[in-house]
1. Please enumerate the residues belonging to the stretch 115-147 that are farther than 24 Å from SER176 by Cα, of a type outside the set (A, V, I, L, M) and surrounded by 22 or more Cβ atoms within 10 Å (Cβ to Cβ).
2. So, of the residues in the stretch 53-79 that are crowded, with 17+ Cβ neighbours inside 10 Å and β-branched (Val, Ile, Thr), which turns out to be nearest to TRP42 (Cα to Cα)?
3. With the requirement that a residue be surrounded by 20 or more Cβ atoms within 10 Å (Cβ to Cβ) and more than 17 Å from ILE185 (Cβ to Cβ), what does the stretch 248-260 give you?
4. Could you please give the count of residues in the stretch 120-169 that are at pLDDT below 95 and farther than 22 Å from ASP7 by Cβ?
5. List every residue pair whose Cβ atoms lie under 7 Å apart, where the two residues are 6 or more positions apart in sequence or sit on different chains, the first residue falls within the stretch 148-165 and is farther than 13 Å from LEU109 by Cα, and the second residue, located anywhere, is in a helix (DSSP H, G or I).
6. Tell me which of these LEU54 doesn't satisfy, since it passes every other one: (1) out of contact with any Phe, Trp or Tyr (no Cβ under 6 Å at 6 or more places or on another chain); (2) modelled with pLDDT of 95 or more; (3) not in a strand (DSSP E or B).
7. If SER244 passes every condition in (1) within 21 Å of GLU194 (Cβ to Cβ); (2) hydroxyl-bearing (Ser, Thr, Tyr); (3) surrounded by fewer than 22 Cβ atoms within 10 Å (Cβ to Cβ) but one, which one does it miss?
Amino acid sequence: MKYCVKDFIEAQGELLFAVVESGMEAGKVLCFLRYAKINGNWQKLSTQQADCYLADYFPHYLYYSSAKDVSLHAVCETAIIKHHQPRQRLQRLMEQPSHCAVVADFKKLIKHFIEYGLESTQIGVTGSLLPGVHNDDSDIDLVFYERQHFHFARDLVKQLIQEHHIDALDDSAWESSYRRRSCHIDLPDYIWHEQRKFNKALINGRKFDISLAIDTRLPDLNYQKMGLVTIQAKVIDDTCAFDSPAIFGIEAGPVDEILCFTATYVGQACKGECIEVSGTLEASSCGYQRIVVGSSREAPGEFIRVIR
């Protein structure tokens, strides 16, 4: 069974984890706890709440990856009682009647995409809609698995905004998005970077995001963390800028590339732009060096921004 980024897995009948890396490591699916059933109701957990909850009740799901030199959550495949897959869930939601407001907006959005040339089989739904723990205030999170489909969808978002089928984020929505990201750049800078990505907008006042879940094959190397660094560099390759993790090729220097594991800075820069990067410098035994942005889930002090 293939586990992909943006899938959800369920364990214990009361824990829902979001898969953060495709495949497995040491027989475990690498993931992060997003929802726990507490007093009979599913509750969304922050990073700190998730860590504390597992430490108190399910410490065996806390995991240290020696290959990545990072602590996260992991579930043995034998402990998984349900595997929630975005593309299959999208098809079921489109076929089933529902009186839920978020599902109605979701269906309307998917129909727009289909009318403009995307096929529903090219799209998945993730976030709270995937395991069915959504409510009328939930956002919509869509996921694509091929770069050409994802970038076509970005073009469609831009076109649908121009044709007034959907709306760009307003000031309130941008501020809400910024607060949830807890990012290390200021609000105007955040909005400037985000507005040109066309990976989020509003439908009936409800925010939706589109993302790319594609297997980025990284060299099978062990890295040692060397500490937090800040550098400036020129981007020479943005092919994988929206991948998971996002990769930015930079001009030759002591650092070979930038990896980004946090959604805040995915797609942050384009080829030819100069960027400032703050992240964790990692070095392999063969001398290959990279900067990782998102070395922890909250990534305090880490960022990518275009130098304007």
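1. GLY124, PHE144
2. VAL75
3. Within the stretch 248-260, ILE250, VAL255, LEU259 qualify.
4. Counting residues in the stretch 120-169 that are at pLDDT below 95 and farther than 22 Å from ASP7 by Cβ gives 2.
5. The qualifying pairs are HIS149/GLN122.
6. With (1) out of contact with any Phe, Trp or Tyr (no Cβ under 6 Å at 6 or more places or on another chain); (2) modelled with pLDDT of 95 or more; (3) not in a strand (DSSP E or B) applied to LEU54, the lone miss is (1).
7. (3)
Condition check ((1) out of contact with any His (no Cβ under 8 Å at 6 or more places or on another chain); (2) closer than 20 Å to LYS6 by Cα; (3) crowded, with 16+ Cβ neighbours inside 10 Å) across all residues:
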position: ALA269; (1), (2), (3): yes, no, yes
position: SER284; (1), (2), (3): yes, no, no
position: GLY287; (1), (2), (3): yes, no, no
position: GLU302; (1), (2), (3): no, no, yes
position: ILE307; (1), (2), (3): yes, no, no
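The values are calculated or read from the model by the stated rules, or taken from the named source; none is laboratory data. Everything quoted here is computed from the prediction, not taken from an experiment. FYI the Cβ positions are ideal-geometry reconstructions off the backbone, even for glycines, and counts take in every protein chain you see.
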